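The values are calculated or read from the model by the stated rules, or taken from the named source; none is laboratory data. In this text, all values refer to a predicted model and were calculated from it rather than measured experimentally. Methodologically, a virtual Cβ is constructed for each residue, glycine included, from the backbone with ideal geometry; neighbour enumeration extends over all protein chains shown. SASA here: full protein model, heavy atoms, side chains in, ligands and nucleic acids out. Shrake-Rupley method; radii C 1.70, N 1.55, O 1.52, S 1.80 Å.
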Amino acid sequence: MTIETIAITPIAGQKPGTSGLRKKTAVFMQPGYLEAYVQSVIDGVGGVAGRDIVVGGDGRFFNDTAIGIMLRMLAANGAAKAIVGRGGLLSTPAASNLIRIRKAYGGFVLSASHNPGGADGDFGIKFNVSNGGPAPEGVTDAMFARTKTIDSYKILSGPAPDLGHIGVTKLGTMTLEIIDPVTDYVAMMRNLVDFDRIRALFASGFRIHFDAMHAVTGPYAHAILEGELGAAKGSVVNGIPLPDFGGHHPDPNPVYAADLFKLMFSADAPDMGAASDGDGDRNIVLGKGISVAPSDSLALLAANIHLAKGYTAGLKGVARSMPTSRAADRVAAKASVEAYETPTGWKFFGNLLDAGRVTICGEESAGTGSDHVREKDGLWAVLIWLDILAARKQSIGEIVADHWKTYGRDYYTRHDYEGLPSDIADQMFTDLRGALATLPGRSFAGLKIEKADDFSYHDPVDGSISAKQGIRIFFQSGERAVFRLSGTGTEGATLRVYLEAFEPDPAKHALDPQTVLAPVIAAADAIAGIKSRTGRTAPDVVT
Ligand code: VG1
Ligand code: CO
């Protein structure tokens, strides 16, 4: 085996987005493309010579081939060791944990998360740094800059290494350690939640239905829920990771996880329903006849986290992404701890977690996590819910109703318009930004605007500033509308409109969010001209 240096031309416009670089699989499969990007990442993070790197992905089409190439590149770039999940599998939170416990320099996570997989689907690569979290903006900027100048990459000649067997071998001078992807994750969970108490809950007849969506969480959920905790066999469905996710979209929302939602609203609903996404970092939790809005789930976990085994010290603080509802802020206020508002994407939580300012973080997009890793963690959230349910001995519906009674309810919905022509979407934001100063005092669909801005985040730990993170409209009567463009899509532009209103009166807590929010939805449309500009009459996805 020899180290080869292969000439390439720079690749244009490969800017990592909300969560690494996502493109159509066919784009990544173009000769030299994956190599050019991976070499740009290696160079952008300061090289890997003498360093240990974790590698794994969600098992989607091209995962194994890409890992084979990347391992030969890591070896050629002088990495000391690569730690790889067997079969190339690692969930995003498991990879984050491994980087931390092995004190690795960082890790590559191959996933396009909730985007569909397959030859016609999407592929993605993100690099996580030594704290286990997504590379911060300064680092992704360096990677991006390198993509524009890169003219060669290094690769070890010879075949791709075997990923199928646990053990330690050599690839050139690099040590290649293939590990079981699940073992360390289970050990970590055992410290965070009370396995005995949850086992007793299942033994008492509690039923769960967990949909792994043929994505990476299947092996983790089988091992923990059915194996360690004794949930009935068959509690985990679609548990085998498949390259095309069984032809589905591994996004646990009411559209793509329709079977789960249908079951939980039927007469045979078990006590709890849950699902995760492609790479295992998202979660959705449902009770009998109720789906817990992710923003509410964050607030509920914050209010109850002290009941879970690993968190008896209580809450240090809470962080939420800006478009996430303000329900978590109410919990923080009552607990007299700090609440932080960050831009969308997990990378912004890393500094707050590292500095010990927050215990848990979350996003409206079905992501919650804590200081145990530096990523959101889907199965963790399900297990914390179980631990809380076991401690409180109430149903999910009762706990949610009780929470709203104490804190009030933040009615919330997100409307997504997918595959819009980029020029139309860009013009909408140019116009919105241009109009910001003129909006306060004006009324739209009967709602008067109090304040409007383009969210800019000042990181309280490192002082960095991230501007233009989304348009926020605050109405005088307390409602809020937020507009931003997705940074994870691969086709055209996706407009996300986030809408919320606060209702303190428990007598009004059982209403339908779309009905309650109708005036805010109408005002948002009037402000941005969504229908008139896009010709769309309704959003593609409502969550
Ligand atoms: C979306 C979500 C965001 C999440 C990101 C990555 O980003 O809105 O909250 O952090 O996906 O999620 P965007 O830019 O499309 O709105 V995933 O599960 O990678 O990992
Ligand atoms: Co994900």
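So, G289, is that one at positive phi and either more than 16 Å from ligand 1 (Cβ to nearest atom) or not polar (S, T, N, Q) (or both) or not?
Here the answer is yes, as G289 does meet what is asked.
For a quick check of your reading: which helices (runs of 4 or more DSSP H) sit entirely within segment 308-415 and have at least 2 residues that are within 16 Å of ligand 2 (Cβ to nearest atom)?
378-392
Can you name the residue in segment 111-141 that is open to solvent by 40 Å² or more (accessible area, probe 1.4 Å), assigned to a loop (DSSP other than H, G, I, E, B) and under 17 Å from D43 (Cα atoms) and is also modelled with the highest pLDDT among such residues?
Out of the qualifying residues, it is S130.
From A518, A510, A501, grab the single residue that is more than 16 Å from ligand 2 (Cβ to nearest atom) and surrounded by 19 or more Cβ atoms within 10 Å (Cβ to Cβ).
Unique residue meeting the criteria: A501.
Consider segment 509-529. How many of its residues are out of contact with any strand residue (DSSP E or B) (no Cβ under 7 Å at 6 or more places or on another chain) and of a type in the set (V, I, T)?
Looking only at that region, the number is 1.
Which numbered condition trips up G59, out of (1) modelled with pLDDT of 95 or more; (2) open to solvent by 10 Å² or more (accessible area, probe 1.4 Å)?
If we test G59 against (1) modelled with pLDDT of 95 or more; (2) open to solvent by 10 Å² or more (accessible area, probe 1.4 Å), just (1) comes out false.
On the basis of being assigned by TED's automatic domain parsing to the domain that holds E226, under 28 Å from R496 (Cβ atoms) and touching a residue at least 60 places away in the same chain (Cβ under 8 Å), does Y340 make the cut?
Criteria met by Y340.
Looking only at segment 131-139, decide whether some residue is within 30 Å of M1 (Cα to Cα), outside the structural domain of E418 (by TED's automatic domain parsing) and in contact with a Lys or Arg (Cβ under 6 Å, 6 or more places away or on another chain).
The answer is no, given that none of the residues of segment 131-139 is within 30 Å of M1 (Cα to Cα), outside the structural domain of E418 (by TED's automatic domain parsing) and in contact with a Lys or Arg (Cβ under 6 Å, 6 or more places away or on another chain).
Determine, yes or no, whether D52 is touching a helix residue (DSSP H, G or I) at 6+ places or on another chain (Cβ under 8 Å), of a type in the set (D, E), modelled with pLDDT of 95 or more and open to solvent by 10 Å² or more (accessible area, probe 1.4 Å).
The answer is no for D52.
Out of the residues in segment 483-498 meeting the condition of being in a strand (DSSP E or B) and within 11 Å of ligand 1 (Cβ to nearest atom), tell me which one is surrounded by the most Cβ atoms within 10 Å (Cβ to Cβ).
Once the filter is applied, the top-ranked residue is Y498.
Could you pull out the residue among A267, A302 that is in the same structural domain as W380 (by TED's automatic domain parsing), more than 16 Å from ligand 1 (Cβ to nearest atom) and in a loop (DSSP other than H, G, I, E, B)?
Every option except A267 fails the conditions.
This table checks each residue for (1) open to solvent by 10 Å² or more (accessible area, probe 1.4 Å); (2) more than 16 Å from ligand 1 (Cβ to nearest atom); (3) part of a loop (DSSP other than H, G, I, E, B).
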| site | (1), (2), (3) |
| --- | --- |
| V109 | no, no, no |
| M143 | no, yes, no |
| I150 | no, yes, yes |
| A160 | yes, yes, yes |
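Being under 25 Å from K405 (Cβ atoms) and either touching a helix residue (DSSP H, G or I) at 6+ places or on another chain (Cβ under 8 Å) or outside the structural domain of R533 (by TED's automatic domain parsing) (or both) narrows it down to one of A445, A501, A507, so name that one.
Only one candidate qualifies: A501.
Condition first: more than 13 Å from ligand 1 (Cβ to nearest atom), part of a loop (DSSP other than H, G, I, E, B) and open to solvent by less than 10 Å² (accessible area, probe 1.4 Å). Now tell me which residues in segment 81-107 satisfy that.
L90, A104, listed by residue number.
Residue under question is Y340, and the condition is that it be at negative phi, at pLDDT 95 or above and touching a strand residue (DSSP E or B) at 6+ places or on another chain (Cβ under 7 Å); does it hold?
In short, yes.
Taking segment 162-202 on its own, how many of its residues are in a loop (DSSP other than H, G, I, E, B), in contact (Cβ under 8 Å) with a residue 24 or more places away in the chain and open to solvent by 30 Å² or more (accessible area, probe 1.4 Å)?
Count: 7.
Which condition number in (1) within 16 Å of ligand 2 (Cβ to nearest atom); (2) at negative phi is the one that D120 fails?
In the conditions (1) within 16 Å of ligand 2 (Cβ to nearest atom); (2) at negative phi, D120 misses (1) alone.
Output the number of residues of segment 360-398 satisfying the condition of being buried (at least 19 other Cβ atoms within 10 Å of the Cβ) and either over 15 Å from A308 (Cα atoms) or of a type outside the set (A, V, I, L, M) (or both).
Here the count works out to 21.
Which residues, taken from segment 485-509, are modelled with pLDDT of 90 or more and under 17 Å from A366 (Cα atoms)?
Residues satisfying the conditions are S486, R496, V497, Y498, L499, E500.
Of the residues I473, I527, I449, which single one is in a helix (DSSP H, G or I), more than 30 Å from Q14 (Cα to Cα) and modelled with pLDDT of 95 or more?
I527
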